[in-house]
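Student: Here it is: the structure, laid out below.
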Amino acid sequence: MTRLTTAVRGLVTALAALLAVSACCATATATPEPKAPEDFVALRSVDRTIIQEIRYFTPHNFVGERIDGYREPLCILTRPAAEALHEAQRQLLPQGYSLKVYDCYRPQRAVDHFVRWAEDLDDQSMKDEFYPNVDKTRLFEDGYIAEKSGHSRGSTMDLTIVRLPAKPTRPYVPGEPLAPCFAPRSERFPDHSVDMGTGYDCFDTLSHTLDPRVQGQQRANRLLLKDTLENLDFVNLAEEWWHFTFKPEAYPDTYFDFPVSTKSLATSR
């Protein structure tokens, strides 16, 4: 009995030592989360009046679920881009408008999530709203999805204009009936922004900023956003009325992958 007890104790001791070594090695080899360079900031630290509705933190987007890397509903940008947006907001407020951002810095892991979704042709749960007239097999070819995004460089944002005072909006309920993003405003998902002719992230040629079919107040609204930002060194993507990049970019060739979180920023370290 003594020999058996000693053997069991020895086995337990050896197993405990092995587990301790394994835990130590696992801790030592764990890869820390990447952090943002020091000149990345939360937009709210530069301008608290700009409305934020970070769509990829929610399921109300073309994928239908929260996107990888969005830990908080937070707009992060390089400081020069954030300060330029602050100046645009300063010009719009006296006219009775506010900017509203839908997306700002976007980690590479989020772009990878888009790519995986686009390759899964069976997942078309959000088609009725975001790409009703586009075959999902053409998303890469038509340029709606790509393996790299300028958003990952930190100076690009998606945004719109809201008439003040801003009306409250309701959250999207997963599974609710969807209306086409180019339907009349009264039929689209309710958004308190001005009428731009389509909703945000509408995969359709009607989203082209200067599409000649968009006229009247809708065109005037697009031009107000475009002219205000372009006068402050932003460049619009012609295919998306909501997409702007501040120039010159601080990181024109770098695609970052730190999470969208206050913990990623230098001010939280």
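Only the coordinates and a few stated rules stand behind these numbers; no lab work does. Note that this is a predicted model, so its numbers are computed, not measured. Here the Cβ is made from the backbone with ideal geometry for all residues, glycine too, and neighbour counts use every protein chain on show.
Student: Restricting attention to the stretch 31-88, which trypsin sites (Lys or Arg not before Pro) occupy a DSSP loop and are surrounded by at most 11 other Cβ atoms within 10 Å? Working shown, then result.
Tutor: On the way: sites: LYS35, ARG44, ARG48, ARG55, ARG66, ARG71; in loops: LYS35, ARG48, ARG66, ARG71.
Taking the stretch 31-88 and a limit of 11 other Cβ atoms within 10 Å, the loop trypsin sites (Lys or Arg not before Pro) found are ARG48.
Student: Once fully extended, how much extra length lies between ASP39 and ASP253, figured as 0.36 nm per residue of separation less the alpha-carbon to alpha-carbon distance? All intermediate terms of the calculation are to be shown ahead of the outcome.
Tutor: Numbers: separation 214, 0.36 × 214 = 77.04 nm, distance 1.59 nm.
Contour length minus Cα-Cα distance gives 75.5 nm.
Student: At a 10 Å Cβ-Cβ cut-off, how would you order HIS243, HIS60, fewest neighbours first?
Tutor: Final ranking by Cβ density, sparse to dense: HIS243, HIS60.
Student: Further, regarding this structure: Taking the Cα atoms of the chain alone, what are Rg (to one decimal) and Dmax (as a whole number) in Å?
Tutor: 23.4, 94
Student: Just order 222-235, 191-204 by mean Cβ neighbour count inside 10 Å, highest at the front, would you?
Tutor: With the highest mean Cβ count within 10 Å placed first, the list reads 191-204, 222-235.
Student: Here's another thing I want to ask about it. Could you work out the relative contact order of the stretch 35-268? I mean the mean sequence separation of Cα pairs under 8 Å and 6+ apart, divided by the number of residues, in percent.
Tutor: About 27 percent, as a whole number.
Student: Something else: Compute the helix-to-body angle for 216-230: its Cα long axis versus the longest principal axis of the chain, expressed 0 to 90° and rounded to tens.
Tutor: Between the helix axis and the principal axis of the chain, the angle is about 60 degrees.
Student: Find which of HIS86, SER207, SER45 sits farthest along the positive direction of the dipole of the chain, computed with +1 on the beta-carbon of Lys and Arg, -1 on that of Asp and Glu, about the Cα centre.
Tutor: Going by the Cα projections, it comes out as SER45.
Student: By how many degrees, 0 to 90 and rounded to 10, does the Cα axis of helix 108-119 deviate from the longest principal axis of the chain?
Tutor: Value to nearest ten degrees: 80.
Student: In debye, nearest 20: dipole of the chain around its Cα centre with unit charges on the Cβ of K, R (+) and D, E (-)?
Tutor: 1100
Student: So between THR205 and THR169, what do we pick up on full extension, going 0.36 nm a residue minus the alpha carbon distance?
Tutor: Using 0.36 nm per residue and subtracting the Cα-Cα distance, I get 10.3 nm.
Student: Under the classification rounded if a/c is under 1.5, otherwise prolate if a/b is larger than b/c and oblate if not, where does the stretch 131-269 fall, given a ≥ b ≥ c as square roots of the Cα gyration tensor eigenvalues?
Tutor: Values: a/c = 1.38, a/b = 1.35, b/c = 1.02.
Rounded shape, in that the Cα axes give a/c under 1.5.
Student: Could I ask something else about it? What number in nm² do you get for the stretch 103-170 if you take the convex hull of its Cα atoms and divide its surface by four?
Tutor: 6.3
Student: Where q = 0.11, 0.24 Å⁻¹, what log10 of I(q)/I(0) comes from the Debye formula for the stretch 137-207, counting one point per Cα?
Tutor: -0.37, -1.21
Student: Provide the percentage of antiparallel DSSP beta bridges, counting only those with both residues in the stretch 35-268; round to the nearest 5.
Tutor: Bridges in the stretch 35-268 that DSSP calls antiparallel: roughly 85 percent.
Student: Determine the gain in length on full extension of the stretch ASP123-ARG213; use 0.36 nm per residue of separation and subtract their C-alpha separation, reporting nm with one decimal. Before the final figure, lay out the partial values.
Tutor: Working: separation 90, 0.36 × 90 = 32.40 nm, distance 3.07 nm.
Taking ASP123 through ARG213 to full extension adds about 29.3 nm, to one decimal.
Student: Taking amide H positions as placed 1.01 Å from N in the peptide plane, with prolines and chain starts having none, which residues 5 or more places from PHE189, or on another chain, fall under 5 Å of its amide H?
Tutor: ALA179
Student: Can you list the lysines whose alpha carbon sits under 22 Å from that of LYS226, skipping same-chain ones fewer than 8 residues off?
Tutor: LYS100, LYS247
Student: I want to make sure I understand the PRE zone here: with the label point 7 angstrom from the Cα of THR31 toward its beta carbon, which residues in the stretch 216-257 have backbone N atoms less than 13 Å away?
Tutor: Residues 257 fall inside that zone.
Student: What is the distance in Å between the Cα centres of the stretch 100-148 and the stretch 151-205?
Tutor: The two parts, judged by their Cα centres, are 16 Å apart.
Student: Let me ask another. Counting only C-alpha contacts under 8 Å and six or more residues apart, can you give the relative contact order of the stretch 52-132 as a whole percent?
Tutor: On the way: 72 pairs, mean separation 33.5, N = 81.
About 41 percent, as a whole number.
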